[in-house]
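J.: Just passing along the structure, written as structure tokens.
The values are calculated or read from the model by the stated rules, or taken from the named source; none is laboratory data. Keep in mind that what you see is a predicted model, and the values were worked out from it rather than measured. So basically every Cβ, Gly included, is an ideal-geometry build from the backbone, and we count neighbours across all protein chains shown. To get the accessible areas, we keep the full protein, side chains included, count just its heavy atoms, and leave off ligands, DNA and RNA. Shrake-Rupley method; radii C 1.70, N 1.55, O 1.52, S 1.80 Å.
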Amino acid sequence: MSTFSFTACFAVWTIFSIIGVQIRTDLGLSGAQFGLLIGTPILTGSLIRLILGIWAEQYGGRIVNLAVMLAAAVATFLLSYAETYPQFLIAALGVGIAGGAFSVGVTYVAKFFPKERQGTALGIFGAGNVGSAVTKFAAPFVMVALGWEAVAQIWALALAGIAVLTFLITRDDPELVARRASGEKPARAGAQLTPLRKLQVWRFALYYFFVFGAFVALALWLPSYLVGVYGLNIKAAGMLAAAYSIPGSLFRVFGGWLSDKIGARRVMYITFSVSVICTFLLSYPATQYVIDGINGPISFSLSTGLAPFVVLIFVLGFAMSLGKAAVYKHIPVYYPGHVGAVGGLVGMVGGLGGFILPIVFGALNDLTGVWTSCFMLLFLLVTTALTWMHFAIRRMEQKSAPQLRDLPALPEMVGMIPNPPSASGAVAPTAR
């Protein structure tokens, strides 16, 4: 039920990915203005994740989730009455409340499972990201038939109904029940925030800025990208954008299971390595070449066709889905008593990526005039995350096993240096 309700929240949270295309045409918005509009709900949903995670720890995820979903439903219904750009921005802030349901759900769901199963459980919950694909599949048809206002109203009513149903079917988490039975008071917010001083938490946040923030940003940006680059209509663009959103959501379950089996660290290496390759290939703009041949100029062009583009987006979404699960596998293990605060912060930073990146995508389009500039930015982002992760892991390994510092850089160098120093009196290895 938590996964079902989060799916509904995510469908509302990304509603501007479809209705925003029509609103952009009606208001004549620039690329930057459009990026701000579709990113504004992501801003609200990101900023409130930290406090909602703490409230879920204190008062229980069940009641907090109900309040979040009903508030978002009201704001989404009122969106249908907006007429000017400032009004749309204000309404978008309210719609964004739906995004806060993520940190509530993570805190709530994690308490029902032991550590060895939390990766899979949170992966299943996180699959609610597929709500963005639900919007991309259904909203274009509703919008064409009844108008974008009908999309907002129908999505709002569905969200309110699912909120009440989820509350009635679910039960309070075991930790909250035990605390109430003992009369113990919940931890104060200040105590919950203590782990946020650690650099490791912010490193996790950077990972999530890419695997989730960039996922949301692309989920919002792709319909407009497909219309602008490949000349598709909004229905076809929505369907193809779902080819990115669906694997980026459903395979999160597999990512959680894989993190339980082989470790979250290995999964993160897979995620970042595949993402580096995909974003590099997607960054290459359509280019015309002229070569001075033997018999005169030879001209040809290189560009990514629609079919290769969809395949690359599918693979990128798959890699991101693994990473989203792996990041949240770390949190209950490293910070079991502060899942709400740490998970809220990581989710907040990741969500901010979903707000900031669409705006930057639009600004880059306006400044460079190159559609693929968004993927150039993502390539730099994931390369930075991979580099930081790798060197952080190396430092951790050397701290836990100091003798690693004395090993040669290459196996072939073993025995080439006479009497190499060894940590803790260890005997230097000999060549074989």
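J.: Under 6 Å between Cβ atoms, which residue pairs at least 6 apart in sequence (or on different chains) link something in the range 360-381 that is without any contact (Cβ under 8 Å) to a residue 60 or more places away in the chain and on the phi > 0 side of the Ramachandran plot with a partner that is part of a helix (DSSP H, G or I) and among the aliphatic types (A, V, I, L, M)?
T.: none
J.: Hey, among the residues in the range 1-24 that are hydroxyl-bearing (Ser, Thr, Tyr) and modelled with pLDDT of 90 or more, which one's least open to solvent (accessible area, probe 1.4 Å)?
T.: First, the residues of the range 1-24 that are hydroxyl-bearing (Ser, Thr, Tyr): 2-3, 5, 7, 14, 17.
Those still in the list that are modelled with pLDDT of 90 or more too: 2-3, 5, 7.
Numbers: Ser2: 23, Thr3: 42, Ser5: 4, Thr7: 27 Å².
In this case the residue turns out to be Ser5.
J.: Further question on the same structure: Test Val310 against the stated conditions and say whether it is open to solvent by 20 Å² or more (accessible area, probe 1.4 Å), in a strand (DSSP E or B) and not polar (S, T, N, Q). Lay out the reasoning, then the answer.
T.: Details: open to solvent by 20 Å² or more (accessible area, probe 1.4 Å): yes; in a strand (DSSP E or B): no; not polar (S, T, N, Q): yes.
Taking the combined requirement at face value, the residue does not satisfy it.
J.: Further question: Every residue in the range 287-325 that is more than 30 Å from Ala121 (Cβ to Cβ), in contact with a Leu (Cβ under 7 Å, 6 or more places away or on another chain) and of a type in the set (A, V, I, L, M), please.
T.: Answer for the range 287-325, where residues must be more than 30 Å from Ala121 (Cβ to Cβ), in contact with a Leu (Cβ under 7 Å, 6 or more places away or on another chain) and of a type in the set (A, V, I, L, M): Val310, Leu312.
J.: Next up: For Gly323, indicate whether it is without any contact (Cβ under 8 Å) to a residue 24 or more places away in the chain and open to solvent by less than 60 Å² (accessible area, probe 1.4 Å).
T.: no
J.: Also, I was wondering about something else. Can you say whether Gly337 is part of a helix (DSSP H, G or I), within 30 Å of Leu258 (Cβ to Cβ) and either modelled with pLDDT under 75 or touching a helix residue (DSSP H, G or I) at 6+ places or on another chain (Cβ under 8 Å) (or both), as far as the supplied structure shows? I'd like the intermediate steps shown before the answer.
T.: Values: part of a helix (DSSP H, G or I): no; within 30 Å of Leu258 (Cβ to Cβ): yes; either modelled with pLDDT under 75 or touching a helix residue (DSSP H, G or I) at 6+ places or on another chain (Cβ under 8 Å) (or both): yes.
Considered against the rule, which asks whether it is part of a helix (DSSP H, G or I), within 30 Å of Leu258 (Cβ to Cβ) and either modelled with pLDDT under 75 or touching a helix residue (DSSP H, G or I) at 6+ places or on another chain (Cβ under 8 Å) (or both), Gly337 comes out as no.
J.: Something else: Go over the candidates Ile277, Ile294 one by one and state the one that is under 23 Å from Phe361 (Cβ atoms), of a type outside the set (Gly, Ala, Ser) and open to solvent by 90 Å² or more (accessible area, probe 1.4 Å).
T.: On the way: Ile294 fails: under 23 Å from Phe361 (Cβ atoms).
So the residue among Ile277, Ile294 that is under 23 Å from Phe361 (Cβ atoms), of a type outside the set (Gly, Ala, Ser) and open to solvent by 90 Å² or more (accessible area, probe 1.4 Å) is Ile277.
J.: Scan the range 139-163 residue by residue and report those that are within 22 Å of the chain's Cα centre (by Cα) and either closer than 17 Å to Ala242 by Cα or at pLDDT below 90 (or both).
T.: Of everything in the range 139-163, just one residue is within 22 Å of the chain's Cα centre (by Cα) and either closer than 17 Å to Ala242 by Cα or at pLDDT below 90 (or both), namely Ala139.
J.: Out of the range 42-93, which residues are surrounded by fewer than 20 Cβ atoms within 10 Å (Cβ to Cβ) and within 20 Å of the chain's Cα centre (by Cα)?
T.: Those that are surrounded by fewer than 20 Cβ atoms within 10 Å (Cβ to Cβ) and within 20 Å of the chain's Cα centre (by Cα): Leu47, Ile51, Leu93.
J.: Next up: Just one of Ala286, Ala237, Ala242 is farther than 30 Å from Gly343 by Cα, in contact (Cβ under 8 Å) with a residue 12 or more places away in the chain and surrounded by 15 or more Cβ atoms within 10 Å (Cβ to Cβ); which is it? Show your work before the answer.
T.: Working: Ala286 fails: surrounded by 15 or more Cβ atoms within 10 Å (Cβ to Cβ); Ala242 fails: farther than 30 Å from Gly343 by Cα.
After applying the criteria, what remains is Ala237.
J.: Looking for something under 21 Å from Val216 (Cα atoms) and of a type in the set (S, T, N, Q) - is there at least one such residue anywhere in the range 46-59?
T.: Scanning the range 46-59 turns up at least one residue that is under 21 Å from Val216 (Cα atoms) and of a type in the set (S, T, N, Q).
J.: Taking into account only those residues within the range 96-139 that are outside any helix (DSSP H, G or I) and free of Cβ contacts under 8 Å to residues at least 60 places away in the same chain, which is surrounded by the most Cβ atoms within 10 Å (Cβ to Cβ)? Give the derivation first.
T.: Quick first cut of the range 96-139, residues outside any helix (DSSP H, G or I) only: 111-114.
Cutting the leftovers down to free of Cβ contacts under 8 Å to residues at least 60 places away in the same chain gives us 113-114.
Working: Phe113: 14, Pro114: 8.
The residue in question is Phe113.
J.: Quick one: how many residues across the range 252-268 are open to solvent by less than 70 Å² (accessible area, probe 1.4 Å) and closer than 20 Å to His390 by Cβ?
T.: Taking the range 252-268 as the starting set, the residues that turn out to be open to solvent by less than 70 Å² (accessible area, probe 1.4 Å) are 252-253, 255-256, 258-260, 262-264, 267-268.
Adding the requirement that they be closer than 20 Å to His390 by Cβ leaves 255, 258-259, 262-264, 267-268.
So the count comes out to 8.
J.: Name the helices (runs of 4 or more DSSP H) wholly inside the range 1-74 in which the number of residues that are touching a residue at least 40 places away in the same chain (Cβ under 8 Å), on the phi > 0 side of the Ramachandran plot and aromatic (Phe, Trp, Tyr) is 2 or more. Reasoning before the result, please.
T.: On the way: elements: 2-13, 16-27, 31-47, 49-59.
Hits in the range 1-74: none.
J.: Residues in the range 25-44: is at least one acidic (Asp, Glu), modelled with pLDDT of 85 or more and out of contact with any helix residue (DSSP H, G or I) (no Cβ under 9 Å at 6 or more places or on another chain)?
T.: Of the range 25-44, the ones acidic (Asp, Glu) are 26.
Going one step further and asking which of them are modelled with pLDDT of 85 or more, we end up with 26.
Now narrow it down to the ones that are out of contact with any helix residue (DSSP H, G or I) (no Cβ under 9 Å at 6 or more places or on another chain): none.
So far as the range 25-44 goes, no, none of its residues is acidic (Asp, Glu), modelled with pLDDT of 85 or more and out of contact with any helix residue (DSSP H, G or I) (no Cβ under 9 Å at 6 or more places or on another chain).
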